[in-house]
Amino acid sequence: MAYTLGIDIGTYETKGVLVDETGRIHAQAARGHEMLVPEPGWAEHRPEEDWWGDFVNVSQTILRESGVDPAEIKAVACSAIGPCMLPVDAAGSPLMNGVLYGVDGRAEAEVRELSERIGEETIITRCGNALTSQSVGPKILWLQRHRPEIFAQTTHILTSTSFLVQRLTGEVVIDHYTAANFSPLYDVATQNWTDDLADDIVGLDKLPRLLWSNEIAGEITAKAAAETGLAPGTPVTAGTIDAAAEAFSVGVDGPGDMMMMYGSTIFIILRAQSRVADARIWYAPWLFEGEHASMAGLATSGTLTHWFRDQFAPDLPKESAFPTLAAEAAGSPPGANGLLMLPYFSGERTPIHDVHAKGALFGLNLTHSRGDIYRALIEGIAYGTRHVTETFAELGQSPTRLLAVGGGTKNALWLQATSDITGIDQIVCEKTVGASYGDAFLAALAVGLVSRADIAAWNPPQQVITAQSDPAYDTSYALFRRLYEQTKDIAREIGA
């Protein structure tokens, strides 16, 4: 039997899965970690502990519990949150914590300066994306200006996945899908690094070598084998961002397929027929050469449900808190008895790209219950999701099918509210393991154990969430949009 190993580093948890060539799972493991918020608007991970430490722990656990001979593992693939920004020295050692993706808004001034200097239209034309809190280029410029002593020691700028691959193989690489988030340093037409838009950010020699996600980056070194328990010489793919691996895990492969990932954030990927250029959403080459993807993401989703549980349901055991809260919310009608929540607790990413946006709960009176508030929270996330799907529709990019994945798919209330509010049916596949399962498939693909079409047999559809129209949602959605517009100036002043 031939096996592949997939490991994914998420915002709050690392997951790994060992799979045979038929897609059957032989072992799984998970390990939790925290997102650090050293200052408002910042978000960080500790790369040694949260990325590499988790990878080592999860790989060792899977090997121990499966009893599989490491030599039978034919390939390894990893994914991680992204795009992140991590400076490392010549030995590959981190020089600071990893700066996370769009939930970290520390480089707002650099985003504004580069956008004004280069021109937004030029950036979109050349890089495929407007500069936002998701962009790595401005964060590198922030590093240069605010941590010059670290910048001076920097040999390479890595992201989370490339850090793992470097630890496993010694190779400094990055996949094109991730690299497209390094605007304004990546040219989508040439699919290569560029410094002709801004040559004062970082030398291109400090950026990783570009590969496609189905390419082998290198082999596991003797040192990495000693730490992880994996066999030396095992091929390792270039990897990718977790959301892309998650999309592939449920069969998002053909044009028109869309993934809705219910995780710490809502993340959406559409396999597009061609490149779409619009400042409200993101673009990247897909995992394979010659293919395209359009993306969008909220800033806080599952993170918000965890915050609510911890702050407003301390009376509930953690293992049963979410089902209890969902049951309470089910007793509240659509529209949450007149409550509206803006879910912008870490600013917001697409489509408004407002790092100053704030969370808000509006419409409270003395009759409201915890269930009403939790329902308003779920609906607020779903209204933010509808704002995204409407943006795709305006661009002529409505999905032909939508596949849901992630831990949030266990929340039936959230799933149904999202379908009802967006008006889109959702398919839930048999396995909702997520990105690590997609990694295992991509590893198998890279070494020829499977073809792309085999993902349908690995993870067939199991359930369809059918959208049910409710006028209350249309009314509340219109008010939701107005509430943001009428309070955004107040939110900015509060932030100042």
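Bear in mind these aren't lab numbers, they're just calculated from the coordinates by the rules spelled out. The shown structure was predicted, so the numbers you read here are calculated from the model rather than taken from an experiment. Reconstructed Cβ throughout: ideal geometry from the backbone, glycine too, with neighbour counts over all protein chains shown.
Looking at region 239-310, the GluC sites (Glu not before Pro) that sit in a DSSP loop and have at most 12 other Cβ atoms within 10 Å of their own Cβ are Glu289. Helices in the chain, meaning DSSP H runs of at least 4 residues, each add -39500 (n - 2.57). Divided by all residues, the mean residue ellipticity at 222 nm is -11000 deg cm²/dmol. With the convex hull constructed from alpha-carbon coordinates only, the chain shows a mean projected area of 21.5 nm² over all directions.
Principal axis extents of the Cα atoms in region 3-243, from largest to smallest and rounded to whole angstrom, are 57, 37, 30. Within region 285-396, the proportion of C-alpha pairs whose separation exceeds 24 Å stands at 35%. The GluC sites (Glu not before Pro) of region 21-108 meeting both criteria, a DSSP state outside H, G, I, E and B (loop) and at most 14 other C-beta atoms within 10 angstrom of the site's C-beta, are Glu34. Which links in Lys74/Lys410; Lys358/Lys410; Lys139/Lys206; Lys410/Lys431; Lys410/Lys488; Lys15/Lys358 stretch past 21 Å when you go from one Cα to the other? Violating the 21 Å Cα-Cα cut-off are Lys74/Lys410; Lys358/Lys410; Lys410/Lys488; Lys15/Lys358. Among the trypsin sites (Lys or Arg not before Pro) in region 83-144, none is located in a DSSP loop while being surrounded by at most 16 other Cβ atoms within 10 Å of its own Cβ. Based on Cα contacts under 8 Å between residues 6+ apart, region 339-496 shows a relative contact order of 24 percent. Take the alpha-carbon centre of region 305-330, take the same for region 219-270, and report the distance between them in whole Å. Answer, in whole Å: 30.
Our note on the geometry: Cα centres of region 50-109 and region 120-134, 27 Å apart.
As a proxy for reagent exposure, Ser162, Ser320 were ordered by neighbouring Cβ count within 10 angstrom, fewest first; the result is Ser320, Ser162.
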